[in-house]
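Visitor: Structure incoming, see below.
The values are calculated or read from the model by the stated rules, or taken from the named source; none is laboratory data. Quantities reported herein were computed from a predicted structural model and do not represent experimental measurements. Glycine also receives a Cβ, built like all others from the backbone with ideal geometry; neighbour counts cover every protein chain displayed. Accessible surface areas use protein heavy atoms only, side chains included; no ligands, DNA or RNA. Shrake-Rupley method; radii C 1.70, N 1.55, O 1.52, S 1.80 Å.
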Amino acid sequence: MTQPRGILILDFGGQYTQLIARRVRECGVYSAVLPCSASIDCIRQEQPLGIILSGGPASVLDEGAPTVDLEVFSLGVPVLGICYGMQLMAHVHGGVIERGLQREYGRTLVSMDETGSGLLQGMKSESTCWMSHTWQVTKLPAGFETVAHTPNCPVAAMSDPSRQLYGVQFHPEVTHSEEGTKLLQNFLLNICHAPADWTMEAYAERTIARIRQQVGDGTVLLGLSGGVDSAVAAALLYRAIGKRLTCVYVDHGFMRSGESEQVIDVFTKTFPVELKTVDASDRFFAALRGVTEPEMKRKIIGREFVEVFRQVSSDLGKRDHFAQGTIYPDVIESGSIKGSAVIKSHHNVGGLPGELGFTSLVEPLRMLFKDEVRKLGLKLGLPENLVCRQPFPGPGLAIRVIGELTPEKVQIVRDSDRIVREEIEAAGVKASQYFTVLTGAKSVGVMGDERTYAYAVAIRAVTTDDFMTADVARLPWELIDRISARIIGEVSGCNRVLYDVTTKPPASIEWE
Ligand code: XMP
């Protein structure tokens, strides 16, 4: 297969690096990300049509600040530096970087001084951009000119068209930069002349080729969680290596209504992998008896998972590699990227393969955001009702029951979750994720002249693109009324329904 040619992004540890890759792909241009420390040979091998230097948390003046092989600037392909990337470009070409008098953060009106051609072609003379910087270029290197500024930032964008070097202090990749896509398109299509022919089919093809290369003649074990990500990973692996893929589906007892049946159906009929299903619910409930602390629940579920896998894999006989459907938000939120904090431990990210003695870890979705994973799943031929269903956390309904877990409490969330899903889907209302939570609270009520003392269930419904931030879905009141009436009428053990109106941040999407 010929290597696709596109844009190479060199990562300086910025929080938006993958977002740059995604925006480039959204413009139809292939993109790859390498660490800024990549050797020039490695960079050449990618045969990039253009290079983007990402942002990053350091100051270029720091001792040991990250840099690049300076040959990057003389490969004969255009280079765009974003934030730290621009400061580095200026610094190594003899410009001056200084601490700004006033730190700029957030939406900022930027004066675009040169919109006739080049990087800012066709942009408005004043455009709202996302800024986040302390340091800035105060003196341009020779050969460069200023093409944008703000009252506090004399060089908000710079360019040297003769050497095809460009820099922006703001972040065009962030949606708050209103004309960010235009700027990226100018760079990708007009300056780099990159072909806008990148498609999800091409991504699938390339990833399948990579899997074949990584796995060789080996066999792979994959844990199906019942969620979208592991299903798409399994479909991709099935396309790559067929029956050499064994999928293990562990029913921990915290699955949604109808979920186990659907997973088993798809992976025996549409993608007939070697499928091993295990009902381990008794074991999980036993291990979680008396546990109320969310992180402890996650850890125990993770530990039990590893244990069940260990048993299943030794029963199955040796498999060489271990695959999982880790996606980009999992990678960031698990703190595997330098500088990011651990918010919640996700049991599907971790030392499982090492512990279980697998040769390597296959994570074909590691660079994709959720919406990209869904597109890929559809392209691979997974059924729409599986691919487009909302994501579901590895620990399942266990983290939607606040307090100690019992089969009865889990049944309350399972039944109320089914009602929420049925009603929202029947109403055709758009929301990215919706479910119920069994709050730990019990309250007094009356039902048929009887006093009740039962659980309060909360409805959680959010809209989001990438699950890293989320807004509350504005469900119509009639719909909430209907859901509430059905939950009270059909689910025993609950006498009150609440609606969670908190965005992420400050709350997370799940309650635990
Ligand atoms: P939070 O609650 O962190 O959720 O805002 C963000 C997204 O991740 C899902 N989630 C998980 N997914 N394993 C997973 O695979 C987990 O342990 C886990 N915890 C949360 C959550 O449902 C939401 O879509």
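Visitor: Quick check on my filter: what residues within the stretch 338-374 are open to solvent by 50 Å² or more (accessible area, probe 1.4 Å) and at pLDDT 85 or above?
Guide: T359, L361, R366
Visitor: Return only the number of the condition from (1) open to solvent by 10 Å² or more (accessible area, probe 1.4 Å); (2) modelled with pLDDT of 95 or more; (3) at negative phi that G403 does not satisfy.
Guide: The number of the failed condition is (3).
Visitor: Give just the number: which of (1) hydrophobic (A, V, I, L, M, F, W, C); (2) without any contact (Cβ under 8 Å) to a residue 60 or more places away in the chain; (3) in contact with a helix residue (DSSP H, G or I) (Cβ under 7 Å, 6 or more places away or on another chain); (4) buried (at least 16 other Cβ atoms within 10 Å of the Cβ) does I419 not satisfy?
Guide: I419 satisfies every listed condition except (2).
Visitor: Within the stretch 425-453, which residues are part of a strand (DSSP E or B), within 16 Å of the ligand (Cβ to nearest atom) and either more than 28 Å from the chain's Cα centre (by Cα) or not hydroxyl-bearing (S, T, Y) (or both)? Before the answer, list the steps.
Guide: First, pick out the residues of the stretch 425-453 that are part of a strand (DSSP E or B): 433-447, 450-453.
Checking the rest, the ones that are also within 16 Å of the ligand (Cβ to nearest atom) come to 433-439.
If the condition is that a residue be part of a strand (DSSP E or B), within 16 Å of the ligand (Cβ to nearest atom) and either more than 28 Å from the chain's Cα centre (by Cα) or not hydroxyl-bearing (S, T, Y) (or both), then Q433, F435, V437, L438 are the ones that fit.
Visitor: Go through the stretch 82-141 residue by residue and tally those that are assigned to a loop (DSSP other than H, G, I, E, B) and β-branched (V, I, T). Break it down stepwise before answering.
Guide: Going through the stretch 82-141, the residues assigned to a loop (DSSP other than H, G, I, E, B) turn out to be 83, 93-95, 113-117, 121-125, 140-141.
Now drop any that are not β-branched (V, I, T), which leaves 115.
So the answer is 1.
Visitor: Do the conditions hold for L236, that is, is it under 24 Å from R366 (Cβ atoms), within 24 Å of the chain's Cα centre (by Cα) and either buried (at least 17 other Cβ atoms within 10 Å of the Cβ) or modelled with pLDDT under 95 (or both)? Step through it out loud before you land on a result.
Guide: Working: under 24 Å from R366 (Cβ atoms): yes; within 24 Å of the chain's Cα centre (by Cα): yes; either buried (at least 17 other Cβ atoms within 10 Å of the Cβ) or modelled with pLDDT under 95 (or both): yes.
Yes.
Visitor: Can you name every residue in the stretch 137-170 that is within 20 Å of Q102 (Cα to Cα) and open to solvent by 10 Å² or more (accessible area, probe 1.4 Å)?
Guide: T138, K139, L140, T146, H149, P151, N152, P154, listed by residue number.
Visitor: Separate question: Filter the stretch 454-512 down to the residues that are of a type in the set (G, A, S) and more than 16 Å from the ligand (Cβ to nearest atom), then identify the one that is nearest to G403 (Cα to Cα). Write out each step before concluding.
Guide: The initial filter retains those residues of the stretch 454-512 that are of a type in the set (G, A, S), namely 454, 456, 458, 461, 470, 473, 484-485, 489, 492-493, 507-508.
When the remaining residues are screened for being more than 16 Å from the ligand (Cβ to nearest atom), the result is 454, 456, 484-485, 489, 492-493.
On the way: A454: 14, A456: 13, S484: 22, A485: 25, G489: 24, S492: 18, G493: 15 Å.
In this case the residue turns out to be A456.
Visitor: Confirm whether H133 is open to solvent by less than 60 Å² (accessible area, probe 1.4 Å) and of a type outside the set (V, I, T). First the steps, then the outcome.
Guide: Working: open to solvent by less than 60 Å² (accessible area, probe 1.4 Å): yes; of a type outside the set (V, I, T): yes.
In short, yes.
Visitor: Name the pairs whose Cβ atoms lie under 6 Å apart, with the first residue in the stretch 14-33 and farther than 17 Å from M86 by Cα and open to solvent by less than 20 Å² (accessible area, probe 1.4 Å), the second assigned to a helix (DSSP H, G or I) and modelled with pLDDT under 90, and 6 or more positions between them or separate chains?
Guide: Q18/Y328
Visitor: Are there any pairs, at least 6 apart or on different chains, whose C-beta atoms fall under 7 Å, with the first in the stretch 285-309 and farther than 18 Å from L221 by Cβ and of a type outside the set (D, E, K, R) and the second open to solvent by 60 Å² or more (accessible area, probe 1.4 Å) and in a helix (DSSP H, G or I), and if so, which?
Guide: Pairs that qualify, where the first residue is farther than 18 Å from L221 by Cβ and of a type outside the set (D, E, K, R) and the partner is open to solvent by 60 Å² or more (accessible area, probe 1.4 Å) and in a helix (DSSP H, G or I), are F285/P407.
Visitor: Another question about this same structure. Where the second residue is basic (K, R) and the first is under 21 Å from L120 (Cβ atoms) and lies in the stretch 134-146, which pairs have Cβ atoms under 7 Å and are six or more apart or on separate chains?
Guide: As it stands, the answer is G143/R163, since those pairs meet every condition given.
Visitor: I've got another one for you. When you check R210 against the structure, is it away from the ligand (no atom under 16 Å from the Cβ), closer than 22 Å to L316 by Cβ and open to solvent by 20 Å² or more (accessible area, probe 1.4 Å), yes or no?
Guide: Details: away from the ligand (no atom under 16 Å from the Cβ): yes; closer than 22 Å to L316 by Cβ: no; open to solvent by 20 Å² or more (accessible area, probe 1.4 Å): yes.
Judged against the criteria, R210 is not a match.
Visitor: Among what's in the stretch 113-130 and is open to solvent by 10 Å² or more (accessible area, probe 1.4 Å) and among the hydrophobic types (A, V, I, L, M, F, W, C), pick the residue that is nearest to I82 (Cα to Cα). Working first, answer last.
Guide: Taking the stretch 113-130 as the starting set, the residues that turn out to be open to solvent by 10 Å² or more (accessible area, probe 1.4 Å) are 113-118, 121-126, 128, 130.
Then drop every residue that is not among the hydrophobic types (A, V, I, L, M, F, W, C), which leaves 123, 130.
Working: M123: 18, W130: 12 Å.
Of everything passing the filter in the stretch 113-130, W130 is nearest to I82 (Cα to Cα).
Visitor: Still on this structure: For the subset of the stretch 4-13 comprising residues that are touching a residue at least 60 places away in the same chain (Cβ under 8 Å) and under 19 Å from C192 (Cβ atoms), which member is most open to solvent (accessible area, probe 1.4 Å)? Before you say what the answer is, go through the steps one by one.
Guide: Step one: filter the stretch 4-13 for residues touching a residue at least 60 places away in the same chain (Cβ under 8 Å), giving 4-7, 10, 12-13.
Now narrow it down to the ones that are under 19 Å from C192 (Cβ atoms): 4-7, 10.
Values: P4: 36, R5: 107, G6: 3, I7: 4, L10: 0 Å².
So the residue we want is R5.
Visitor: Still on this structure, I have one more. I'd like to know if the stretch 96-105 contains one or more residues that are touching a residue at least 40 places away in the same chain (Cβ under 8 Å), charged (D, E, K, R) and open to solvent by less than 50 Å² (accessible area, probe 1.4 Å).
Guide: Yes, there is a match, as at least one residue in the stretch 96-105 is touching a residue at least 40 places away in the same chain (Cβ under 8 Å), charged (D, E, K, R) and open to solvent by less than 50 Å² (accessible area, probe 1.4 Å).
Visitor: Tell me which residues, restricted to the stretch 265-295, are of a type in the set (A, V, I, L, M, F, W, C) and surrounded by fewer than 16 Cβ atoms within 10 Å (Cβ to Cβ). Before you say what the answer is, go through the steps one by one.
Guide: Within the stretch 265-295, the first condition is being of a type in the set (A, V, I, L, M, F, W, C), and the residues that meet it are 266-267, 271, 273, 275, 278, 280, 284-288, 291.
Hit for the stretch 265-295 is A286, nothing else.
Visitor: Among the residues of the stretch 280-298, what is the count of those that are in contact with a helix residue (DSSP H, G or I) (Cβ under 7 Å, 6 or more places away or on another chain), in a helix (DSSP H, G or I) and either of a type in the set (A, V, I, L, M) or on the phi > 0 side of the Ramachandran plot (or both)?
Guide: Residues flagged as in contact with a helix residue (DSSP H, G or I) (Cβ under 7 Å, 6 or more places away or on another chain), in a helix (DSSP H, G or I) and either of a type in the set (A, V, I, L, M) or on the phi > 0 side of the Ramachandran plot (or both) within the stretch 280-298 amount to 1.
Visitor: Under 9 Å by Cβ, and 6 or more places apart or on different chains, what pairs join a residue from the stretch 488-512 that is closer than 24 Å to P391 by Cα and assigned to a strand (DSSP E or B) with one that is within 16 Å of the ligand (Cβ to nearest atom) and open to solvent by 50 Å² or more (accessible area, probe 1.4 Å)?
Guide: K504/M468; K504/T469; K504/D471
Visitor: For the stretch 457-478, give me the residue count where each residue is surrounded by fewer than 18 Cβ atoms within 10 Å (Cβ to Cβ), of a type outside the set (D, E) and not in a loop (DSSP other than H, G, I, E, B).
Guide: Within the stretch 457-478, residues that are surrounded by fewer than 18 Cβ atoms within 10 Å (Cβ to Cβ), of a type outside the set (D, E) and not in a loop (DSSP other than H, G, I, E, B) number 3.
Visitor: Out of (1) assigned to a loop (DSSP other than H, G, I, E, B); (2) buried (at least 22 other Cβ atoms within 10 Å of the Cβ); (3) modelled with pLDDT of 95 or more, what's the single condition that is false for S177?
Guide: Just one mismatch for S177, condition (3).
Visitor: Still on this structure, please answer the following. Working only within the stretch 180-202, note down all residues that are touching a helix residue (DSSP H, G or I) at 6+ places or on another chain (Cβ under 7 Å) and either among the aromatic types (F, W, Y) or in a loop (DSSP other than H, G, I, E, B) (or both).
Guide: F187, A194, A196, W198
Visitor: Out of (1) in contact with a strand residue (DSSP E or B) (Cβ under 9 Å, 6 or more places away or on another chain); (2) crowded, with 24+ Cβ neighbours inside 10 Å; (3) of a type in the set (G, A, S), what's the single condition that is false for G253?
Guide: Only one criterion in (1) in contact with a strand residue (DSSP E or B) (Cβ under 9 Å, 6 or more places away or on another chain); (2) crowded, with 24+ Cβ neighbours inside 10 Å; (3) of a type in the set (G, A, S) is unmet by G253, namely (2).
Visitor: Does at least one position in the stretch 310-323 carry a residue that is within 14 Å of the ligand (Cβ to nearest atom) and over 23 Å from W511 (Cβ atoms)?
Guide: Within the stretch 310-323, the subset within 14 Å of the ligand (Cβ to nearest atom) is none.
No, every residue in the stretch 310-323 fails to be within 14 Å of the ligand (Cβ to nearest atom) and over 23 Å from W511 (Cβ atoms).
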